[in-house]
1. Provide the gained length on full extension for the span F328 to N488, in nm with one decimal, where the gain is 0.36 nm per separating residue minus the Cα-Cα distance.
2. Say each of Q517 and S113 gets a label point 7 Å from the Cα, pointing the same way as Cα to Cβ; how far apart are those two points in nm?
3. Using a Förster distance of 56 Å, how high is the FRET efficiency between S335 and L477, based on the Cβ-Cβ distance and rounded to 0.05?
4. Counting Lys +1, Arg +1, Asp -1, Glu -1, what net charge surrounds D266 among other residues with beta carbon under 12 Å of its beta carbon?
5. Packing-wise, with mean Cβ within 10 Å as the measure, how do 81-89, 103-111, 289-297 rank, highest first?
6. Within the set of other residues whose C-beta is less than 14 Å from the C-beta of W68, count the net charge using Lys and Arg as +1 and Asp and Glu as -1.
7. Got a sec? Charge dipole of the chain, +1 on Cβ for Lys and Arg, -1 for Asp and Glu; which of A125, A342, S316 is way out at the positive end?
8. Based on DSSP H runs of at least 4 residues, each adding -39500 (n - 2.57), what is the mean residue ellipticity at 222 nm of the chain after dividing by all its residues, to the nearest 500 deg cm²/dmol?
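Computed from the coordinates by the stated procedures, all read-outs in this text should not be read as laboratory data. Predicted, not measured: the structure shown is a model, and the values here were computed from it. Backbone-built Cβ (ideal geometry, glycine too); neighbour counts: all protein chains shown.
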Amino acid sequence: MPSPARTIVDIRIVESHNASERNAVMYHAAMTDARPTPPASARRLRWLLALPKLGIVLLLVAVLTLIWLLHSNEVEEERSALIKDVLWLEQNLRFHLDGNQEQLQQLALEMSSEPNRQKHFRLRAEHLRKNSPDIAQILWLDANRQIIDALPTANHLDRDIEPFGPTAAARAFELASQLGKQQYSEPFFLEGNSAFIELLVPIFSERKLTGMLALVYPLDTLLASQVPWWFTEKYKVEIVDDNDRLFASKTHIAGKHNQSYEIPFDPPGAGLLLRVTNYNAPDNSLQRLLVAAIILLASGVFWSLWLVRELMKKRSLAEDALREEHAFRAAMENSLTVGMRARDLVGRVIYVNPAFCRMTGFSAAELVNQAPPMPYWAPEQLEETYAMHQTVLAGDAPPDGFEITFMRKNGERFQALIYEAKLIDGNGRHTGWMASVLDITERKHAQELARQQQEQLQFTSRLVTMGEMASTLAHELNQPLAAIASYNTGCQNLLNSGKASPQEILPALEKIGLQAQRAGKIIRRVHDFVRKSEPKRAPCQFGEVVEDCLGFVEAEGRKRHVRIECDIPPLPPIPADRLMLEQVLLNLIRNGMEAMAGNPETERVLSIATTIRDNELQVSVSDNGSGIAPEIRDKLFTAFFTTKPEGMGVGLSICRSIIEFHRGRLWVEDNPHSPTGSGTIFIFTLPLDAA
Ligand code: ADP
């Protein structure tokens with residue numbers, strides 16, 4: 001379950017015209033003020049993000065170095081393999097040439113002593129050619145370099161060709177004869193572009209040069225037969241001289257050469273070099289692809305890191321803002337005096353604020369997750385509370401709030417005023433109910449006190465009215481009492497005369513009774529008026545209320561010369577406290593009569609009228625009096641406001657309380673129909689239906 005604080009961050013309070021809405025608005029206003037401060041962790045974040053970047057750069061450098069090392073290692077290996085192979089080839093060629101040379105030396109030795117030299121030459125030469133197919137020709141020359149015999153043809157291959165001045169072969173012949181030992185010629189070209197070398201071995205008999213044996217090697221054929229196929233798969237083999245003149249080459253593949261190695265080709269010597277060149281590794285595009293992929297991947301990682309950095313920056317900002325907001329909300333929640341309670345859709349408590357805990361005396365841990373009946377429900381009102389709980393869950397809670405009695409942990413009861421609103425989460429889903437709870441026990445107490453004071457005031461006001469009316473009433477009572485007394489004297493006289501018949505006395509006695517009733521009525525009215533009683537609304541006839549009032553003010557009206565016009569049509573009974581209405585009417589009538597004190601006697605008219613409109617009874621009391629100055633109009637209904645020297649100033653204030661107690665309104669207007677041009681109308685309304 002999310003923590004309460006988190007829950008409150010996600011909720012919105014709707015459909016509220018009450019304290020919770022005000023709180024929500026307050027939250028909003030406060031939140032608008034509480035803008036997040038710039039993030040303190042931004043620098044730390046930058047450092048944190050720099051580390052993986054550095055790591056990637058180092059990794060990239062390491063990978064590239066590794067690739068470079070591998071490459072140079074490979075080149076090195078290639079080179080040593082090349083050198084090894086070249087040495088092997090050179091050795092191979094040398095073996096072959098040396099072998100042939102030995103055989104030729106052997107033949108030369110044999111021919112110096114052999115009687116049938118011709119036959120022997122042919123035999124051995126044939127044998128030699130068969131074993132070494134790279135030998136183009138084997139010659140037997142005399143001391144003057146004339147051919148005695150030759151295989152396969154009798155011609156000398158280098159005849160008439162002198163690529164380097166005197167023919168290379170002739171020079172070698174000279175040298176071999178002079179030195180008396182075998183000699184290789186310099187390379188020479190024959191038959192187009194083919195290059196040849198010649199091995200010359202002198203034949204001595206009895207220390208005298210008698211001839212010369214010569215082996216002619218075409219260099220191409222030498223390479224073709226002596227360089228194995230696998231070698232040419234890897235390398236290009238060339239025979240060159242110091243001047244880079246090419247004499248022969250053998251290769252199988254075409255392509256860009258990579259590295260080459262040269263070694264002296266000796267024998268035959270004469271400045272010849274054996275050059276072996278290898279080719280690029282068949283395919284190092286894979287390697288290049290790998291490098292490109294690594295670079296691409298690294299840049300991808302960089303890019304994603306940058307994105308992550310941006311994202312984290314935003315996230316960190318949002319987190320900071322959220323933290324601030326959360327702290328602010330928590331501070332607000334703690335300082336709230338209104339109790340907040342959130343319940344889920346089944347009525348289980350999911351959140352209570354500290355004010356609610358203080359109010360009930362239970363801790364949040366004791367309340368959260370509680371299902372009905374709640375521990376703060378008053379046991380004696382369990383049924384009503386449960387019914388209200390069901391009403392709230394059904395979504396029918398009164399929008400203006402409702403009052404309920406709750407119980408504190410210590411058993412003390414308190415009056416709570418509750419406003420319920422829907423709990424809407426961040427996705428707009430209705431997830432429960434949010435209540436703002438006010439402890440109105442004190443307020444209720446104060447209201448009750450005020451009501452009692454008001455009643456007391458009403459009573460006092462009645463006493464004051466009574467005092468003022470006492471003299472008028474005394475005068476009023478005098479009349480019936482005087483009448484009773486005179487009728488009584490008359491009766492006594494008649495009885496004393498002894499002539500009186502009962503028929504004569506009876507009417508007088510009846511009149512006495514009537515006058516006594518009238519006096520009794522007056523006294524009862526006064527008694528009723530003064531008697532303090534609880535307000536009770538009961539159906540009453542407004543006409544009778546007016547009649548009673550007129551009975552009260554009749555005498556005063558006569559004294560003040562005020563004509564009271566009253567035309568009350570038959571009205572339906574109204575639910576009202578009769579005595580209170582009488583008090584209102586009496587007050588308005590008396591104020592009206594007093595306001596007309598300065599009028600000529602003929603223009604002292606007070607009228608009482610009623611109309612029924614919108615299921616309300618509207619009563620107006622109009623006079624032609626002094627009217628009300630605009631500057632005091634607003635103060636009329638405030639308690640103790642008076643313009644009269646002996647006035648108390650509570651009459652109109654009490655009238656308004658009484659009318660509002662009856663769910664009506666009381667207001668004042670100027671009298672537009674007054675013949676004096678001034679005058680006032682006091683109007684009040686009373687609803688006709690009891691609620
Ligand atoms: P009191 O009559 O003791 O002064 P009220 O509350 O009844 O107290 O009236 C307050 C004031 O309202 C009066 O002092 C008077 O100035 C003014 N007032 C009330 N009724 C009328 C009226 N009909 N015409 C003019 N002024 C009036």
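1. Details: separation 160, 0.36 × 160 = 57.60 nm, distance 9.05 nm.
Taking 0.36 nm per residue and subtracting the Cα distance, the gain is 48.6 nm.
2. 19.9
3. So the FRET efficiency works out to roughly 0.25.
4. Working: positive: R94; negative: E90, D98.
Local net charge: -1.
5. Working: 81-89: 15.7, 103-111: 18.3, 289-297: 12.3.
Going from most to least packed, we get 103-111, 81-89, 289-297.
6. Numbers: positive: R288; negative: E74, E76.
Charge balance near W68 sits at -1.
7. Value: A342.
8. Numbers: 17 runs with 347 residues, N = 691.
One gets -17500 deg cm²/dmol as the mean residue ellipticity at 222 nm.
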